[in-house]
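Working notes, beginning with the structure itself.
The values are calculated or read from the model by the stated rules, or taken from the named source; none is laboratory data. Since this is a predicted model, take the numbers as computed values, not measurements. When we count neighbours, we look across all protein chains shown, and the Cβ atoms used for this are built from the backbone with ideal geometry, even at glycine. The accessibility values were calculated without ligands, DNA or RNA, using every heavy atom of the protein model including side chains. Shrake-Rupley method; radii C 1.70, N 1.55, O 1.52, S 1.80 Å.
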Amino acid sequence: MGDALPGFPFVLRSDVKSYYASLDQELLLAQLHDAIADPRLVTILERYVRRTVYQDGLYRDVTQGISLGCPLSPLIAAHYLKPLDERLEATGLFYARFMDDWVVLAPTRWKLRWAARLMQQTLAELKVQTHPGKTFLGRTARGRRRRCVTAARISAGSEEILASLLGAMHCAAEADRNALVAKATVELLDHGEALEVSTRRLQELWDLLEALL
């Protein structure tokens, strides 16, 4: 990639963790209302989103995510990240997305980190998270080298940010935790840490918190 695009030596690759299952239905329906003028079609799509499933002899209303097996789901899922498209395209950097996988190319490290902060802020508003094991920020020349570096490289200042996050998440409601993770990631980027370090360490803290609660 670095040889093909010599003017863009820095790359950000990422996707969304458990994408279909994590879509916020209220935000999705608001998007559909704004995008579709025909109220009859909107009503049909509302029935598609607010579905009921039968499992183990019980009926259960699904309040988060969309169906994996419906032919309509890929189109709906692609539309959900439109705010991310609009913001990253407005940066003037090279940006391309397929479903919930995207890449950003930048001429400088500073511009790439700016795009990464914008990405995290937008995803927090959409109430989804980047996948820690599939997120990479660095030089395109690194190619297929390891995407994640060891958490031992995180500096003392970053450990303070992560410790503060752990304390805040312990007291936060479930709906507020994605925003806390996004805020901490932005702080880590400002502190100078690579995004692949930040997201991996944040995921470790998230798993630790779930084990404690």
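Determine, for each peptide in 87-95, 67-75, the mean count of other beta carbons within 10 angstrom over its residues, then list the peptides with the highest first.
Details: 87-95: 15.6, 67-75: 11.3.
Per-residue mean Cβ counts within 10 Å order the peptides as 87-95, 67-75.
Hey, what's segment 1-116 come to in accessible area per residue, 1.4 Å probe, Å²?
Solvent-accessible surface per residue comes out at 58 Å².
Keeping the other protein chains in place, figure out the carbon and sulfur percent of the accessible area of segment 1-110, with a 1.4 Å probe.
Working: 3770 of 6470 Å².
Answer for segment 1-110 is 58 percent, counting heavy atoms of protein chains only.
Peptides 78-85, 125-132: what's the order by average Cβ count within 10 Å, highest mean first?
125-132, 78-85
How much of Arg113 can a 1.4 Å solvent probe reach, expressed as accessible area in Å² and rounded to 10?
Only protein atoms counted, so the area is about 50 Å².
In debye, nearest 20, what is the charge dipole magnitude of segment 1-124 about its Cα centre with +1 on Lys and Arg Cβ and -1 on Asp and Glu Cβ, if you could check?
Values: 14 positive and 14 negative charges, 62 e Å.
In total the dipole reaches around 300 debye.
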